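The values are calculated or read from the model by the stated rules, or taken from the named source; none is laboratory data. Bear in mind that the values here come from a model prediction, so they are computed numbers and not experimental data. Cβ placement follows ideal geometry from the backbone for every residue including glycine, while neighbour counts extend to all protein chains displayed.
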Amino acid sequence: MEIIHAYKFRLYPDFRRQKEIDESIFLAHQLYNKLLEKTIQSRKVSQRTINQYMNEILKEDKRYYKLYAHVRVGIRNRMLRTYQNFFRRCKEGAKKKGFPKFKSMDRYRSITHIENNGSFRIEADRLRVSKISGTIRMEMHRTIEGKIKTLTIAKEGNEYYAIFTAVQHKPIPEINDTNPVGIDLGLNNFIALSNSEIFQKPKFYKKAEKKIAHWQMVVARRNKGSKRRQKAKMHLQEEWQSVTRQSNDFMHKLSQKLADGGFTSFAVEALRIQNMERNHTLAQSIQNASWGRFIGFLEYKAQERGKTFIKVNPDNTSKTCSNCGNIQEMPLSQRQFNCDRCRLQLDRDTNASINILNRATLGQRGSHAQGENRQYLPAGNANGLEELRTDPATAGEAPNL
């Protein structure tokens, strides 16, 4: 199996190299916007027409020759992907089509060498890149495994990074699916497993919320285009970067723990996160939870180990009893699932994770899916339960939700 890994290393360019990198990013940003302008005016989008527009721009302004040829091809590919995604969303009937927009400098912060053809190379702990004079000190905290394919130089705040993608061919082990697990993602509990384990995510954003709000107010007060506003934006970006890095570190470690934890397959909900973010009350919390990113981390780690990763329909996983299949109303404030039919009492998220596992395994439940906190009514209530199960007015009935 071909596995692609990304390696991100901090760069420490001197003042001269910083100016050259900044100029390259600025030119890439300008070239992208000019290409977009031409495609909008002509209403023609294809690889051939974008190449034609690229040549026209290069004839008009020789400065863009300062960008390496494969960097310019990367800009073209980025433009094509943007349009392809737009047309795909139109075909799918999405409410937000996402027509390509002009990029501000705050949203275009990288250049990419799309092929390792000698335009860059690593020399001990330094990086040499075409169109940038000399070499740049690079902190390589781990060894790159596999064949290096691409290089992206990115600027985050006042910091510079080199991001390599490397391809590695490695055999994937065959594993018998003897210990599957269902995973429910939530806001109260970050994840709940079908074996009753629960993991909480630290409130990284809550801890930094006051500092972020402070710098947002400072940015809003300062004049657009001023150096003081630019400095304030850098401070704000640093605060957000700190939150993002802490969150990513936590999710990488948790996904690694699960992937190496003895489970043989993972079942999660195929969440429609963008639709969920339309709830303005919960949108901020959903974004901070980073469910999509965690699912991505866990998926590739599981697949590398030969473990199955399954996404199931998320409808009513929290409202369905994992024991008898009864569906009932469950407001978000209710954290305990109390079944009206079989009287099952179980943590809401654990119950949902068992339902997710049951859907992934086509209803075949083993002891690993039962949880440890189930509580049932005393034997004296058995007749009442039997009436609920056999009553034609209630048996198999599910309310319209």
Starting from region 192-205, keep only residues that are farther than 18 Å from Gln287 by Cα, then list their pairs with residues that are at pLDDT 90 or above and hydroxyl-bearing (Ser, Thr, Tyr) whose Cβ atoms are within a distance under 7 Å, requiring at least 6 positions of separation or different chains. Ala192/Thr350; Ala192/Ser353; Leu193/Ser353; Ser194/Ser353; Ser196/Thr350
Test result for Phe263, surrounded by 13 or more Cβ atoms within 10 Å (Cβ to Cβ) and in a loop (DSSP other than H, G, I, E, B): yes
The one condition Arg128 fails out of (1) charged (D, E, K, R); (2) outside any strand (DSSP E or B); (3) at negative phi; (4) over 23 Å from the mean Cα position of the chain (by Cα) is (2)
Going by the structure shown, is Gln284 of a type in the set (S, T, N, Q) and exposed (fewer than 15 other Cβ atoms within 10 Å of the Cβ)? yes
Failed item in (1) of a type outside the set (Val, Ile, Thr); (2) assigned to a helix (DSSP H, G or I); (3) over 22 Å from the mean Cα position of the chain (by Cα), with Asn248 passing the rest: (3)
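Filter region 32-66 down to the residues that are of a type in the set (A, V, I, L, M, F, W, C) and part of a helix (DSSP H, G or I), then identify the one that is farthest from Ile132 (Cα to Cα). Steps first, please.
Taking region 32-66 first, the residues of a type in the set (A, V, I, L, M, F, W, C) are 35-36, 40, 45, 50, 54, 57-58.
With part of a helix (DSSP H, G or I) added as a condition, the list becomes 35-36, 40, 50, 54, 57-58.
Details: Leu35: 24, Leu36: 26, Ile40: 32, Ile50: 26, Met54: 22, Ile57: 22, Leu58: 20 Å.
Only one residue tops the list, namely Ile40.
Of all residues in region 138-150, count the ones that are within 27 Å of Gln237 (Cα to Cα) and surrounded by 14 or more Cβ atoms within 10 Å (Cβ to Cβ).
Summing the residues that are within 27 Å of Gln237 (Cα to Cα) and surrounded by 14 or more Cβ atoms within 10 Å (Cβ to Cβ) in region 138-150 gives 3.
Condition check: charged (D, E, K, R) and under 24 Å from His70 (Cβ atoms). Does Glu139 satisfy that?
Working: charged (D, E, K, R): yes; under 24 Å from His70 (Cβ atoms): no.
For Glu139, the condition - charged (D, E, K, R) and under 24 Å from His70 (Cβ atoms) - is not met.
Looking at Ser133, Ser196, can you tell me which residue is closer than 30 Å to Ser265 by Cβ, among the polar types (S, T, N, Q) and either in a loop (DSSP other than H, G, I, E, B) or over 21 Å from the mean Cα position of the chain (by Cα) (or both)?
Working: Ser133 fails: closer than 30 Å to Ser265 by Cβ.
Going through Ser133, Ser196 in turn, the sole match is Ser196.
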Of those in region 45-65 that are free of Cβ contacts under 8 Å to residues at least 24 places away in the same chain and hydrophobic (A, V, I, L, M, F, W, C), the residue farthest from Arg81 (Cα to Cα) is Leu58
Exactly one of Asn188, Asn223 is surrounded by fewer than 17 Cβ atoms within 10 Å (Cβ to Cβ) and at pLDDT 90 or above, and that one is Asn223
Condition first: closer than 22 Å to Thr244 by Cβ, surrounded by fewer than 16 Cβ atoms within 10 Å (Cβ to Cβ) and modelled with pLDDT of 90 or more. Now tell me which residues in region 157-173 satisfy that. Glu159, Ile163
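Condition test on Asn176, is it buried (at least 18 other Cβ atoms within 10 Å of the Cβ) and part of a loop (DSSP other than H, G, I, E, B)? Lay out the reasoning, then the answer.
Working: buried (at least 18 other Cβ atoms within 10 Å of the Cβ): no; part of a loop (DSSP other than H, G, I, E, B): yes.
No, not satisfied.
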Within the group Arg10, Arg107, Arg72, which residue is touching a helix residue (DSSP H, G or I) at 6+ places or on another chain (Cβ under 7 Å), within 19 Å of Ile163 (Cα to Cα) and of a type in the set (Lys, Arg)? Arg72
Given the criteria closer than 24 Å to Thr264 by Cβ, in a loop (DSSP other than H, G, I, E, B) and either among the charged types (D, E, K, R) or at pLDDT 90 or above (or both), does Glu329 qualify? no
Just one listed residue, out of Tyr108, Tyr68, is touching a Ser or Thr at 6+ places or on another chain (Cβ under 9 Å), surrounded by 11 or more Cβ atoms within 10 Å (Cβ to Cβ) and in contact (Cβ under 8 Å) with a residue 40 or more places away in the chain, and it is Tyr68
Does any residue of region 203-219 turn out to be surrounded by 18 or more Cβ atoms within 10 Å (Cβ to Cβ), assigned to a strand (DSSP E or B) and under 25 Å from the mean Cα position of the chain (by Cα)? no
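On the basis of being without any contact (Cβ under 8 Å) to a residue 24 or more places away in the chain, of a type in the set (Val, Ile, Thr) and closer than 26 Å to Asn316 by Cβ, does Thr244 make the cut? Outline the logic, then answer.
Working: without any contact (Cβ under 8 Å) to a residue 24 or more places away in the chain: yes; of a type in the set (Val, Ile, Thr): yes; closer than 26 Å to Asn316 by Cβ: no.
No, not satisfied.
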Which one is nearest to the chain's Cα centre (by Cα) among residues in region 67-112 that are part of a helix (DSSP H, G or I) and closer than 12 Å to Ile25 by Cα? Arg107
